[in-house]
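To start, the structure itself, in C-alpha cells.
Nothing in this text is a laboratory measurement; each read-out follows from the coordinates by a stated rule. The shown structure was predicted, so the numbers you read here are calculated from the model rather than taken from an experiment. Cβ sites come from the backbone with ideal geometry, for glycine too, and all protein chains shown count toward neighbours.
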Amino acid sequence: MTSTDHIGQSHRRENALRHLAGRGRFVTDLALPRMVHAAFVRSPMAKGKIVELDVSAAAEAPGVVRVFTAETLNPICAPWTGTLDHFAGMKSAPQNMLAEGQVLWAGHPVAMILAHSRAEAEDACELVLLDIEDEEAVVDGDAALVEGTPLVSEGIDSNLCFRTVLETPGLDEAFANAAHVVEDSFTFGRHTAVTLEPRAVVADFDPSTGQLTVHHGTQTPYQFQDVYAHQFGLPDNKVRVIAPDVGGSFGMKLHVYNEEMAVVAASLKLGRPVRFVADRLESFVSDVHARDHRVSARMAMDAQGTILAMDVDDMTQIGAISTYPRTSVAEGNQVIRLMGAPYTMPDYRGRLSVVFQNKVQTSQYRAVGHPIACAVTEALVDRAAEQLDLDPIEIRQRNLVADDAYPHVSATGYQFEKLSHHAALAKLREIMGYDALRAEQAELRKQGIYRGIGIASFVEITNPGAAFYGVGGARVSAQDGAIVRLTPSGEVHCAISVTEQGQGTETIIAQVVADQLGVTPDQVKVTTGDTDTTPSGGATWACRGAGIGGETALRAGRRLQAQILAIAGAVLQAEPATLALAGGTVVDKATGKERITLAEIGRIATYRPDTLPEGCDNSLTAVQHFAPTGYPFDFTNGIQASHVEVDIETGVTRLLKHWVVEDCGRIINPLLVDEQIRGGVVQGLGPAFFEECMYDDMGQMTNASLADYLVPMAGEMPDIEIAHIETPTLDTILGAKGVGEAGTAAAGAAAMNAVNDALRPMGARISQTPMTPLRILTALGHV
Amino acid sequence: MKSPAFEYVRAESVADAMSAYAEADGDAVYLSGGHSVVPSLALRLQAPALLIDLSNIAALSGISLHDGWLRIGAMTRHVQALKDPLIAAHAPLFTAAAPFVAHPAIRNRGTLGGSLAHADPASEFPAAAVAMRAELEIASSQGIRRVPADDFFVDIYETAIEPGEVLQAIHVPSPVAGQVIGFDEIARRRGDYAMVGAAVQAVSRGSGLEDVSIALFSVGNHPVRARKAQAALTGRMIDADAIADAQAALEDDLDPPDDPQFPASMRLHLARVLLGRVLANLEAVA
Ligand SMILES: Cc1cc2nc3c(=O)[nH]c(=O)nc-3n(C[C@H](O)[C@H](O)[C@H](O)COP(=O)(O)OP(=O)(O)OC[C@H]3O[C@@H](n4cnc5c(N)ncnc54)[C@H](O)[C@@H]3O)c2cc1C
C-alpha cells in the first residue's frame, strides 16, 4: 500500500449528518413540473380470468390525465422472461406490465391511473369496473406438484419451475457406513425486505430530445439503464438512470417490477414526468418476498462425530413468475450449494425443486440462500452433538475445516481461498464467556428459568464475478468502474459505479482513494448512482461494494497518482519514482520532504499547461475498470452465537445477547463493518421470530400491513457484540471481501439453536420459523 | 394510501360538535387524537364527508376530583395517564396500563376518550376502566348520562355511545384503604396490542380479598369481567391455591375467539398464565 492512514480506520458515514439534518434527497422528494402520479388497480384475487375491465368512469374522474390497461400500454414494451441458461431446463411465463387476460396473484396490477395527485388517482381506482372470473388458486408448493392440480398460469406447462440435483459419488456409502444419522424437516416462513423508503420511481421522457431520465430508488442503476433501453427499444446512451439517496434496498430493489416498467412506459406515451411511490399496502403485494422453503435433511456421522455427509431436499416456493433478470431460482440454488460449507464433510446430495404458486414472486433478498442453508446445517450439527453427547463447541471443533488446510473445495464444489473458522470459534468462545454462560444456564434451570445458547458457523459468498449471472446470459455487470480526478485546486473527486443505500459505500471509497493520493477522506468527494456521470458497473448486489468497488477505486487512485507524479516530476525535474504523495503534497520519497502541493499541480496542469515540458501529458483524470479474477467468489467466514430466554409458559422468547466473530478480509472502516453486521443480524433475527407473509388458502396475504406484519424493533433486539479476524484475499491489492450479508446469514440459525437449547429439558423442539409463541407453545404441548 | 377528500370542522363546544354531526346527516366522524381515525381513512376503511375535531372543546379536557371520583376529560392524552399525579393516585390502573399502549409518539396524541370510544378489544385502557368500575359521561341532545364501564362496552368497536353522541369524561372512584392493583399483558413486541391482557383491582383486608375486580382483554369482543375468577378469590388470602382456583375459573369466564393463527386454547392458556402472574404481584395503591 502507498499509505494505510485511512484504510482501517473508523470514519462516520459521510451522509449521516445530511440525513439527520433532513437534507436527504430521495426519489420520493422529487417534484418535477407537469409531473403526474400513478396508482394501480390490482387484482383482488389470487387467480382468475379478466372478463370485464371498464375504465371509462375512471378516465372521467376529477384530476385524471390518462388510464392505461394492458391493451393500451403493454404493446410498447417487449415482454421479459425470468430464466437463465445455466439453470438448465428452468422455465417461467413471459411477463408484461399489466395483466393480460389472467391475473396471477392478489395484487397483480391490472390498470394504471395517472392523475394530478396520488389521492385523485386512488379515487379513480375505485371507479374502475373489474370483473374477474375466479379460478382455483395454487397456494401450496407441495400441492402444486400433485397430478391434477391446476396450472399456476397459462404461460407454463407445469408448476415446476426448475429441478436439479448435486451429488458426490460416495453419498450412499457414507450413509450406509454411518454410526449416527440425524434428520429433521424445516419450514421457513416467507418474508420481505420492508425498506424504510418504499420503491419509488419518477420517469421523465423528453420527446424533443428522445432522452429518457428515470429517477429510481434502486441499487443497480446501470442494470435498469440496460433494461429500459432494451425493453423499450431506446439507445442506452439516451437512457439516464439516477439513483439519489435510497432508503434501503437489501436486494429487493434490483428486480424488474411491473409498476416501474409501467411508469416508464407511461412517460414515453405522455411525454411528461410520471411518478410512482409504492405505499405500504402495495409494497406487501408487489415487492419480492423471499425464503419460502421446506427442507428435509439428514446428516451422517461416524462414531467420533465426524460429519460424513448431508442429504438435503429443498422445495422453494417462488410465487407465480420467476423474477427478471436474476430469476427466482438463484436463492434455492445457493441453499443447496451452501449446505455444510464450513465443514470438512466429504459427501453430499442436494436436491432442489423450485415451484410456482399464485402468490407474490420471491427472489433475492439480503444473504440469498445463506440463512436457510445455515439454519439447516447448524440445527443438524447441534442434533448430532446431542446424540453423541458432545458440547456444541466440541463438535464444531472436530468438523470445521482447519485454518491451515486451504485452499479447500467444499462437497458442493465451492472453492475457498483461505478461511479462519477455528480462530473465529476460539474468539467467540472467549468473548461470550461460553463456559460461564453454560454454568449459569444449568443453575437457572433449577429455578425454572430456561435459557439457551445457540451457535452457528457460516461462510458468505462475496465479490462475485460473472459466474453468478453473466454466464447464464443475464446482462448483469460483474465489473465496476471509477473516474478519479484532481481538481484545479488540488482536491479530489471520484465518480464510481458502486452505489450508496445507506451502508456507507461513499465513505469507504473516499478512504481508499484518499490513501492512494495522500489526502484526507474529506478531501475526496464521491459521486455515485447516476449513469450519465459515473462509469458503468454492477453497483450493489451480492456483496461487492468494498471488495470490488474498493479495489476499483484503489486502482483508479493509483493511476491518478502516477499521472500526478509524472507532472510533478516534469515540474520539479525529478524522477517520478523518487516522489510520493502525502499530506496533500508531493514529497520526496526518501526524505518525506515537501516538494510541491497538489493545489499547485492542479493550477499548473489546468491554467498553465504551457509551462509544462513538450509532450508532458497534463491529464489529471484517471479512469479504471476492474473485474474480479482468480477465485470465482471471495468467501468470507464467521460464527455467531445467540443467548435467549424462553418463557415456557407463554412461548415468548427474550433475546438476551448476540455475538458475531467475522472475517471479511481487510477491514476498510471498522465502524461501518460493525454497522453492516448489526443491521444484518437484525434482518436475520426478524424472520426468526417475527416476520412472515401469511396467506390464507385462497391465496390472500392476510397480514399485508405494518400493523400485522411484525418487523423487529429496537426493544426486542439484543445487544450485539462483534469481533474480527482479518484474512485478506490475495486476489486483490486491497484484500477486502464483503460483509453486508454476514450478519443475516447465520443470526437466525444461531437463534434457532438457542431456542432449542432452551427447550431441551422439556424434550421439545422447533424447526419452523418464525418461532412464534404459538409454535413454541405447540412444541411444548400447551396448545 | 391516501384518504378520500373530506371536510373538516373544529368544534368549540359539545353542542357545536353534535349539531355539526346532525347537519352532516351522520356522514361525519369525531376526531380526537386521530390515531385510529386517520389510519382508517388512509386505508379507505371509511370515507366520511366531515371530520369534527373535538380537541378544542374545554368541557372535554381537565382532570379533577369531585366527591371521591376523579373526572378525566375525554381529550386527556395517553401520556398524561402515564405522568399525571392525580391519575396515578386516583386512577392507578390507567397509569399502570399506559406504558403498554403503543409508543411515545402515539401516546402524545392518542386520548383516553378516543381509546374508550374506539373500543378495540385488544386495547388496554378499556379493560382498566372496567376493572376500576369507571363510569362514562356521555352527552346527547337529550342531556348527559353516566354509564358504568360494564355496560359501556357492547361489542367489537361498539359502545353505549349512540351515533352523534359525545363521550365527555371518564369518572373513576378513588381507591379505598387496602386497595391493590395489578396490570400486565403478553404482546409480541413492546407497544403492540396485547395477545392477552389483564387488569385487576381488589381491596386487601386482614381476612382476605374483597371487592375483587378482574377485566381481561384481547380474549373476546370487548373487555371481559372474569366473574367466576373474582368469586374464587373473594374472601381469600392470595396464595398458590387461590391463584390456581382463579385460573381454573377462567374456563367458564372466557369464550375466546378461535383462529388458526391464534387458537382459542392458546388464548385461554395465556389468560391463565397471565392472571396467575398478575395476582402474584398485586401492588398496594392506598
Ligand atoms: C402504531 C399504533 C399503535 C397503537 N398501539 C396501541 C396499543 O398498543 N393499545 C391501544 O390501546 N391502542 C393503540 N393504538 C391506538 C391509539 O391508542 C389510539 O389513538 C386510540 O385507541 C384512539 O384514540 P384517539 O384519541 O387517537 O382517537 P381517534 O382516532 O381520534 O378516535 C377513535 C374513535 O373514537 C371516536 N371518538 C373519539 N373521541 C370521541 C369522543 N369524545 N366521543 C365520541 N367518540 C369519540 C372517533 O370518532 C373514532 O371513531 C395504536 C395506534 C397506532 C397508530
Rounded to two decimals, the Rg over Rh value of the stretch B:1-117 from Cα coordinates and the Kirkwood Rh reads 1.02
One would report the Cα pair-distance distribution of the stretch B:179-285, bin width 10 Å, in %, as 16, 51, 26, 6, 0
Percentage relative contact order, chain A, counting C-alpha pairs under 8 Å, at least six apart: 16 percent
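Please work out the ratio of the alpha-carbon Rg of the stretch A:84-166 to 2.2 N^0.38 Å and round it to two decimals. Let's see the in-between values first.
Details: Rg = 17.3 Å, N = 83, 2.2 N^0.38 = 11.8 Å.
After normalising by residue count via 2.2 N^0.38 Å, the value is 1.46.
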In degrees between 0 and 90, to the nearest 10, how far off the longest principal axis of chain B does helix B:264-280 point, with axes built from Cα atoms? 70 degrees
Kindly state, to the nearest 0.05, the FRET efficiency for A:Glu430 paired with B:Ser64, given R0 = 51 Å and r defined as their beta-carbon distance. 0.25
What does the structure give for B:253-262 when I average, per residue, the other chain Cβ atoms found within 10 Å of the residue Cβ? 2
Which three semi-axes in whole Å describe the equivalent ellipsoid of chain A, each the square root of 5 times a Cα gyration tensor eigenvalue, listed largest first? 42, 38, 22
Hey, what angle do you get for helix B:14-23 against the long axis of chain B, alpha-carbon based, 0 to 90 degrees rounded to 10? 60 degrees
Just tell me how shielded B:184-192 is by partners: mean number of partner chain Cβ atoms within 10 Å of each residue's Cβ, no decimals. 4
Between beta-carbons, use under 13 Å as the cut-off and find the net charge around A:Gln523, counting Lys and Arg +1, Asp and Glu -1. -3
What are the radius of gyration and Dmax of the stretch B:58-173, computed over its Cα atoms and given in Å? 12.8, 38
Of the residues A:Gly454, A:Gly481, A:Gly529, the Cα lying farthest along the dipole of the stretch A:449-536 towards its positive end, which is defined by charges on the beta carbon of Lys, Arg, Asp and Glu, belongs to A:Gly454
Pairwise FRET efficiency - B:Ser265 versus B:Asp25, Cβ, R0 = 41 Å, nearest 0.05: 0.35
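Please give the charge dipole size of the protein assembly as shown, origin at the Cα centre, charges +1 on K and R Cβ atoms and -1 on D and E Cβ atoms. Round to the nearest 20 debye.
Numbers: 83 positive and 130 negative charges, 492 e Å.
It comes to approximately 2360 debye.
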The ratio Rg/Rh over the Cα atoms of the stretch B:7-53, Rh being the Kirkwood inverse mean 1/r radius, stands at 0.97
A:Ala467 paired with A:Glu167, simple spin-label distance in nm, labels 7 Å along Cα-to-beta-carbon: 2.4 nm
Taking all pairs of distinct Cα atoms, average 1/r, flip it, and tell me the Kirkwood hydrodynamic radius of chain B in Å to one decimal place. 19.4 Å
Under a point spin-label approximation (7 Å from Cα along Cα-to-Cβ), what is the B:Ala49-A:Leu129 distance to one decimal in nm? 2.6 nm
Treat each spin label as a single point 7 Å out from the Cα along the C-beta direction, and report the A:Arg18 to A:Glu154 distance in nm. 4.9 nm
Averaged over residues of A:79-91, the number of beta carbons from other chains lying within 10 Å of each residue's Cβ is 0
The stretch A:598-701, relative contact order in percent, only Cα pairs under 8 angstrom and at least six apart counted: 14 percent
At R0 = 41 Å the Cβ-Cβ FRET efficiency linking B:Ala231 and B:Ser141, nearest 0.05, sits at 0.50
So which of A:Lys238/A:Lys269; A:Lys91/A:Lys269; A:Lys253/A:Lys359 end up more than 24 Å apart by C-alpha? A:Lys91/A:Lys269
